[in-house]
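Some notes on the structure that comes next.
Values quoted throughout were computed directly from the atomic coordinates according to the rules given, and no laboratory measurement underlies them. Worth saying up front: this structure is predicted, and the values here are computed from it rather than measured. As a convention, Cβ positions derive from the backbone with ideal geometry for all residues, glycine included, and neighbour counts pool all protein chains shown.
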Amino acid sequence: SPLPKIFQPLEIRDYTAKNRIWVSPMCMYSAQDGFSTDFHLSHYSQFAMRGAGLVMVEASGVQPEGRITPNCLGIYKDEHVPGLRRIVSHMHKYGTIAGIQLAHSGRKGSTIPLQQYGTRGESLKSSVKEGGWPEDVYGPSAIAYDNHHYTPKAMTLKQISETKRAFIDAAVRADRAGFDVVEIHGAHGYLLFEFLSPLSNKRTDEYGGSFENRTRLLLEVARGIRQVWPHNKPLFVRISSTDWVDGGWTIEDTVELGKILLNAGVDLIDCSSAGNDTRQNIPLGPGFQIQFAERIRNEVPGMLSGAVGLITTSVQARDVLEEEKADVLFIGREFLRNPSFVYKTAHELGINIKWNNQYERGRLKTKYSF
Ligand code: FNR
């Protein structure tokens, strides 16, 4: 019988992922001054060493104030490149595609790592003494996410243009570090999504108001990156497919934007949701966001679609792709619980994939197994 889709290779431009089980970007709050450490090398390598088709390195700030916390990874200095290159080359040894998510936190910047949330009251604010940047928190409009976050300053046109430039420069650094894929973070209420959503963007200039104006910054970033990012390398966008709030960004907007992004040279939309408005009403449950990947797959022909969110079992994962609801899966927390999720899935589905050489004796069932 043919391999289920989940274990079929996927070609994008000049790159081939060996399977479609990919590691979702996850902030680890373990960087110093934006620099990666041995933690990142071991953390990202573990997934590559255990068969992940692609590993997406966590949200990495394109500007220092574009980090979420003082401990977030950065790609805003040339000096950040060698550490990242070491991680990429190690992942490449195991045949894994290496991606990095380029991010700007916008009005959700200068916070403390989420693991510390609750240990110091309910506030997420990170002060200057704690390494934060309260004075440099900005977004499309001066509206705070909630009262546990700083109130941002509305960006000037000059700041918008500098941030755009920073995304493009970061893509150049990502290329120098050897990454195969760049993903633009346009989700979860961070800067680029704040511009998309009418709930957070109240601007009256060319970056606010109409759909065309609210999508302008993301499109300028995508087009700008596509110009410097090598033609043979894939470009992804992660988006919040909906705000889950009446009057907010919708899946219909996402589909419209998807068509424009395809023209801008984006290869895949990674379909997440939410994170921009505390009124969000999310029907959480297994695979609750798969419907959005399905919409992109059906309504934006030529665009690849990634499903993410509460995909945790081998059968569920296999079926999303067998039922043609998405082209790839991004798995987050299940990979934290079980870095061997790819091997486990193969084992449970009875599929004989190639294991990393060093671990081969874990795979083989012989008369000497015990
Ligand atoms: C995340 N998530 C996330 N998303 C993103 O786009 N960039 C990021 O850096 C992070 N950081 C992050 C850290 C941690 C610890 C978690 C648990 C999550 C969201 C993540 O990629 C994923 O979309 C969600 O966790 C839903 O998928 P799972 O975990 O249900 O498979």
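About its Cα centre, how strong a charge dipole does the chain have in debye, to the nearest 20, once Lys and Arg get +1 and Asp and Glu get -1 at the Cβ? Working shown, then result.
Values: 43 positive and 41 negative charges, 231 e Å.
The dipole magnitude comes to about 1100 debye.
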ask   = What FRET efficiency, computed as 1/(1 + (r/R0)^6) with R0 = 41 Å and r the Cβ-Cβ distance, is obtained for ARG165 and ASN338, rounded to the nearest 0.05?
value = 0.55
note = What helix-only [θ] at 222 nm does the chain give? Using -39500 (n - 2.57) per DSSP H run of at least 4, over all residues, to the nearest 500, the answer is -9000 deg cm²/dmol
key: Hits among lysines - C-alpha to C-alpha of LYS93 under 28 Å, sequence gap 8 or more where chains match   = LYS5, LYS18, LYS77, LYS233, LYS344, LYS354, LYS365
key: Rg followed by Dmax, in Å, when region 81-235 is reduced to its Cα trace   = 17.1, 50
remark   = For THR111, the residues 5 or more places away or on another chain with a placed amide H closer than 5 Å to its own amide H are THR69, SER126
request  = Rounded to whole Hz and in sequence order, give me ³J(HN,Hα) for region 64-74 from the Karplus expression 6.51 cos²θ - 1.76 cosθ + 1.60, θ = phi - 60°, writing x for Gly and Pro.
outcome  = x, 7, x, 6, 7, 10, x, 9, 7, 5, x
query = Per Stokes-Einstein, at 10 °C and 1.306 mPa s, what whole-number D in µm² s⁻¹ belongs to the chain, with the Kirkwood radius over Cα pairs as the hydrodynamic radius?
reply = 77
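Only Lys, Arg, Asp and Glu count, each charged at its Cβ (+1, +1, -1, -1), so figure out the dipole size of region 1-126 about its Cα centre, rounded to 20 debye.
Values: 14 positive and 9 negative charges, 61 e Å.
Magnitude of the dipole: close to 300 debye.
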inquiry  = Which residue, VAL255, GLY74, TYR207, has the largest displacement toward the positive end of the dipole of the chain when charges sit on each Cβ (Lys, Arg +1; Asp, Glu -1)?
reply    = GLY74
message = Among PRO4, THR16, CYS27, whose Cα projects farthest towards the positive end of the dipole of region 1-40, with charges put on the beta-carbon of Lys, Arg (+1) and Asp, Glu (-1)?
response = PRO4
Dipole axis of region 1-122 (+1 Lys, Arg; -1 Asp, Glu on Cβ), positive-most option in MET49, LEU102, LEU84 = MET49
message = Taking every DSSP beta bridge with both residues inside region 73-204, roughly what % is antiparallel (nearest 5)?
response = 20
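What ranking do 156-165, 129-138, 93-102, 190-199 get when scored by the average of other Cβ atoms within 10 Å per residue, highest first?
190-199, 93-102, 129-138, 156-165
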Built amide H within the under 5 Å cut-off of SER272, gap 5+ = ILE239, SER241
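Which entries of LYS202/LYS259; LYS125/LYS164; LYS153/LYS259 have Cα-Cα distances beyond 28 Å here? Intermediate values should be presented prior to the final figure.
Values: LYS202/LYS259 24 Å; LYS125/LYS164 25 Å; LYS153/LYS259 32 Å.
With Cα atoms farther than 28 Å apart: LYS153/LYS259.
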query = Which far-off residues, 5 or more places away or on another chain, put their amide H under 5 Å from the one on TYR138, with H placed in the peptide plane?
reply = LYS153
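Compute the relative contact order of region 1-131 as a whole-number percentage, counting only Cα pairs closer than 8 Å that sit 6 or more residues apart in sequence. Walk me through the intermediate numbers first.
Values: 253 pairs, mean separation 32.7, N = 131.
Relative contact order for region 1-131 comes out at 25 percent.
Counting Lys and Arg as +1 and Asp and Glu as -1, each charge on the Cβ, what is the dipole of region 120-262 about the Cα centre in debye, to the nearest 20? Mind showing how you got there, number by number?
Details: 18 positive and 20 negative charges, 95 e Å.
Charge dipole of region 120-262: 460 debye, to the nearest 20.
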message = I need the phi-derived Karplus couplings for region 203-214: 6.51 cos²θ - 1.76 cosθ + 1.60, θ = phi - 60°, integer Hz, Gly and Pro marked x.
response = 5, 10, 8, 6, 9, x, x, 5, 3, 4, 6, 6
